[in-house]
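Enquirer: Take a look at this one; I'll ask things after.
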Amino acid sequence: MYARLPLTPSSGSNLITMERPLADDDALRQHGTVLRVLAEEHGLMDLALGDGQAEIIATVAPGRTYIDVARFELAAADLLGVVVHVTPSSAPGAHVRAPLAAAA
């Protein structure tokens with residue numbers, strides 16, 4: 001499964017898109033440490049794996065908005081080369097499957 005991500009448009013062209021695969025649990029675990037650092041920079045904490053593919057459940061710090069969440073998703077996608085989705089832990093139906101711990 002792939003998602004389409006908007007990239008910066010070049011001069012004289014329409015919006016450029018690039019297909020990237022969705023992150024899997026192994027990729028998220030493998031990069032757990034760097035994702036936690038990146039998340040803190042965007043006001044997210046307590047990262048965990050959600051029920052959906054590429055889904056991270058996170059607590060959003062007070063004063064932060066969905067723009068911060070989106071910026072984290074884009075930064076994580078750029079860093080890992082895969083699509084990452086974040087669901088705030090306060091969202092209805094958010095279900096933590098397992099804490100996001102680094103791979104052993």
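The values are calculated or read from the model by the stated rules, or taken from the named source; none is laboratory data. Here the structure is a predicted model, which is why all the values come from computation and not from measurement. Every residue, glycine as well, gets a Cβ built from its backbone with ideal geometry; the counts of neighbours run over all protein chains shown.
Enquirer: Can you tell me which residue within region 81-93, out of those that are over 13 Å from D24 (Cβ atoms) and surrounded by fewer than 16 Cβ atoms within 10 Å (Cβ to Cβ), is nearest to the chain's Cα centre (by Cα)?
Expert: The initial filter retains those residues of region 81-93 that are over 13 Å from D24 (Cβ atoms), namely 86-93.
Then drop every residue that is not surrounded by fewer than 16 Cβ atoms within 10 Å (Cβ to Cβ), which leaves 88, 90-93.
On the way: P88: 11, S90: 16, A91: 15, P92: 18, G93: 18 Å.
My answer is P88.
Enquirer: Still on this structure, please answer the following. Here are A27, A103: which of them is modelled with pLDDT under 95 and over 12 Å from the mean Cα position of the chain (by Cα)? Outline the logic, then answer.
Expert: On the way: A27 fails: over 12 Å from the mean Cα position of the chain (by Cα).
Every option except A103 fails the conditions.
Enquirer: Could you grab me the full set of residues in region 81-104 that are outside any loop (DSSP other than H, G, I, E, B) and not polar (S, T, N, Q)?
Expert: Let us first name the residues in region 81-104 that are outside any loop (DSSP other than H, G, I, E, B), namely 83, 85-88, 98-99.
Passing the criteria: V83, H85, V86, P88, A98, P99.
Enquirer: Kindly establish whether R29 is in a helix (DSSP H, G or I), buried (at least 16 other Cβ atoms within 10 Å of the Cβ) and basic (K, R). Let's see the steps before the verdict.
Expert: Details: in a helix (DSSP H, G or I): yes; buried (at least 16 other Cβ atoms within 10 Å of the Cβ): yes; basic (K, R): yes.
For R29, the condition - in a helix (DSSP H, G or I), buried (at least 16 other Cβ atoms within 10 Å of the Cβ) and basic (K, R) - is met.
Enquirer: Still on this structure, please answer the following. Looking at D78, D68, D46, can you tell me which residue is outside any strand (DSSP E or B), at pLDDT 90 or above and either over 12 Å from the mean Cα position of the chain (by Cα) or surrounded by 15 or more Cβ atoms within 10 Å (Cβ to Cβ) (or both)? It would help to see each step written out before you state the result.
Expert: Working: D78 fails: either over 12 Å from the mean Cα position of the chain (by Cα) or surrounded by 15 or more Cβ atoms within 10 Å (Cβ to Cβ) (or both); D46 fails: outside any strand (DSSP E or B).
So the residue among D78, D68, D46 that is outside any strand (DSSP E or B), at pLDDT 90 or above and either over 12 Å from the mean Cα position of the chain (by Cα) or surrounded by 15 or more Cβ atoms within 10 Å (Cβ to Cβ) (or both) is D68.
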